[in-house]
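K.L.:
Handing you a structure now.
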Amino acid sequence: MILHLNEYTMNTTIVKGNWNEQKSKLKQMFAILTDDDLMLVEGKQDEMLAKIQIKIGKTKDEFNKLIAGL
């Protein structure tokens with residue numbers, strides 16, 4: 001599977017706003033996610049989002065909708 005990280009650029013803007021709240025919701029929805037998975041590091045948001053998407057088994061479109069709906 002090849003991931004194009006720039007596909008997540010739209011979500012990084014969403015993530016920056018209220019990440020603590022979004023992180024809590026993601027952990028409630030997907031118990032498989034750890035604090036390390038959800039650690040927001042400046043400049044690596046796209047990589048983090050791609051890893052989360054793979055770990056929870058969602059397509060890019062499903063994941064984008066999920067993040068936008070948080």
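What follows draws every value from the coordinates through simple rules; no lab data is involved. No experiment lies behind these values; they were computed from the predicted model shown. We place every Cβ from the backbone using ideal geometry, glycine too, and count neighbours over all the protein chains shown.
K.L.:
Report, ordered by chain and residue number, the lysines lying within cross-link reach of LYS60, taken as a straight Cα distance under 17 Å and ignoring same-chain residues fewer than 8 apart.
P.N.:
Within reach: LYS51.
K.L.:
Kindly rank 31-43, 47-59 from highest to lowest mean number of other beta carbons found within 10 Å of each residue.
P.N.:
Working: 31-43: 10.9, 47-59: 16.0.
Output ranking for 31-43, 47-59: 47-59, 31-43.
K.L.:
What nm value, rounded to one decimal, do you get for the distance between LYS55 and GLU42 when each label is placed 7 Å out toward the C-beta?
P.N.:
2.3
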